[in-house]
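Please read the structure below before turning to the comments.
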Amino acid sequence: MQQVYLKSDSIISPLGFGTMANLRELRLQNSALKLQKPTSKYPAGYYAGMLDEEIIDRSFSLIGNCEDYTKLEKMLILAIKDVVDKEARVDSLSTGLVIATTKGNIDLLNFNKFAKERVELWKMAQVVADFFGFKNKPIVVSNACISGGLAIKTAADFIKSGKFHNAIVAAGDLVSDFVLSGFQSFQAMSAKACKPFDAERNGISLGEAAAAVFIDEQTSQEQNVEFIHAVTTNDANHISGPSRDGEGLYQAISRLEHFTGITSEEIDAISAHGTATIYNDEMEAIAFDRSNLNDIPLHSLKGYFGHTLGASALIESIMLKHSLLNNELIISKNFESSGVSASLNITTEATQKEINMALKTASGFGGCNIAMLFRKTKPHV
């Protein structure tokens with residue numbers, strides 16, 4: 001089987017610009033989640049990780065005209081630019097661009113100084129591709145909250161098929177009024193900063209961010225992280241609620257292990273979806289229990305970034321890559337005591353541990369699930 005690797009990456013979030021800046025904040029257990037000012041629509045305020053567009057523009061003004069691009073487009077371009085600058089193999093003719101998002105420029109529905117079609121996901125992706133002069137038509141992946149992970153799988157599949165020599169995967173989403181009102185209508189918003197898997201969890205905290213990673217079939221002389229494989233499933237339980245028995249996620253993990261021949265005993269760390277809603281965390285816990293993964297160190301990063309929707313699985317995969325390279329377990333922020341029925345090994349202390357294989361999971365509206373495996377490889381001599 002042809003191998004593909006995660007190479008240079010970048011994260012643009014309220015915690016910082018660039019992956020290393022974000023990783024430093026996670027090590028310090030700093031969170032992007034802040035209580036936002038009350039408004040007429042949200043009189044009590046809400047916790048979210050918000051990016052000030054003025055801060056974005058300070059960086060973007062060095063590479064382009066801020067007025068020509070939307071907030072999300074600028075975030076995506078900054079993340080991709082950081083990757084492009086590090087990778088000599090990026091080529092406008094042979095490099096693919098895969099962009100994951102759930103809502104794209106939907107904030108333009110409130111105020112749109114751009115052409116009407118800019119709200120369309122394909123148009124947003126094309127604007128980003130045109131900035132870099134990519135000749136291949138950008139591919140948009142929009143499958144709820146597994147989008148960022150599915151985009152990695154999509155890029156890998158295209159590389160393995162010979163469609164692209166390599167690819168850049170990017171993802172981003174905003175905390176717009178549309179998104180806020182949707183989650184409020186479900187009564188899914190937490191009154192405090194979210195607490196994944198905790199006994200006192202009561203909902204999500206949203207976040208906005210963008211990320212990018214270069215995926216290539218070639219290794220480097222440095223240590224590499226291989227994307228082994230991913231499996232997606234759909235439990236078709238409910239348009240927004242996850243299955244109560246974890247069947248969809250369990251099937252994704254089980255089929256992934258069957259396809260790769262990798263067993264639960266070989267997995268050293270898990271990056272869970274962990275949204276901090278009552279039903280999602282319980283569903284994941286049941287799926288992990290059924291998969292015999294109870295003892296594997298596990299975390300959720302939602303307590304740091306918030307739920308960044310279509311960007312979450314990509315951001316969390318990038319951070320998992322660095323956990324592998326650094327042999328480092330990241331604390332699952334805001335977890336104090338277990339609030340799920342199955343026993344899980346939630347990471348509560350920063351730990352140095354040999355990590356060679358890691359599992360990333362995500363789930364989303366409509367019953368979608370994804371399970372992904374990453375492996376650290378030896379330096380190429």
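The values are calculated or read from the model by the stated rules, or taken from the named source; none is laboratory data. All values reported here derive from a predicted model rather than from experimental measurement. Cβ: placed from backbone, ideal geometry, glycine included. Neighbour counts: every protein chain shown.
Of note:
- Among the candidates 55, 11, 63, the residue that is surrounded by 19 or more Cβ atoms within 10 Å (Cβ to Cβ), β-branched (Val, Ile, Thr) and not assigned by TED's automatic domain parsing to the domain that holds residue 302 is uniquely 11.
- Test: residue in region 233-241 that is at pLDDT below 95, surrounded by 20 or more Cβ atoms within 10 Å (Cβ to Cβ) and in the same structural domain as residue 303 (by TED's automatic domain parsing): yes
- Some residue of region 349-358 being in a loop (DSSP other than H, G, I, E, B), at positive phi and modelled with pLDDT of 95 or more: no
- Count of region 223-278 residues which are without any contact (Cβ under 8 Å) to a residue 60 or more places away in the chain and in a loop (DSSP other than H, G, I, E, B): 6
Quick grid of which residues meet (1) surrounded by fewer than 24 Cβ atoms within 10 Å (Cβ to Cβ); (2) assigned to a loop (DSSP other than H, G, I, E, B); (3) at pLDDT below 95:
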site	(1), (2), (3)
287	no, no, no
311	no, no, no
322	yes, no, no
340	yes, yes, no
363	no, no, no
369	no, no, no
372	no, no, no
375	yes, no, no
380	yes, yes, yes
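- Tallying residues that are within 22 Å of residue 135 (Cα to Cα) and either in a helix (DSSP H, G or I) or in contact with a Gly (Cβ under 9 Å, 6 or more places away or on another chain) (or both) within region 85-118 yields 7.
- Those residues of region 141-197 which are under 22 Å from residue 238 (Cβ atoms), part of a helix (DSSP H, G or I) and among the polar types (S, T, N, Q), in sequence order: 147, 181, 184, 185
- Criterion: farther than 30 Å from residue 87 by Cα and in contact with a strand residue (DSSP E or B) (Cβ under 8 Å, 6 or more places away or on another chain) - qualifying residue of 233, 219: 233
- Test: residue in region 122-130 that is over 23 Å from the mean Cα position of the chain (by Cα) and in a helix (DSSP H, G or I): yes
- First in region 104-120 and modelled with pLDDT of 90 or more, second anywhere and of a type in the set (Ser, Thr, Tyr), Cβ under 8 Å, 6 or more apart: 104/142; 105/70; 106/176; 107/70; 107/176; 108/70; 114/70; 118/70
- Flag if residue 41 is at pLDDT below 95, among the basic types (Lys, Arg) and either touching a strand residue (DSSP E or B) at 6+ places or on another chain (Cβ under 7 Å) or exposed (fewer than 15 other Cβ atoms within 10 Å of the Cβ) (or both): yes
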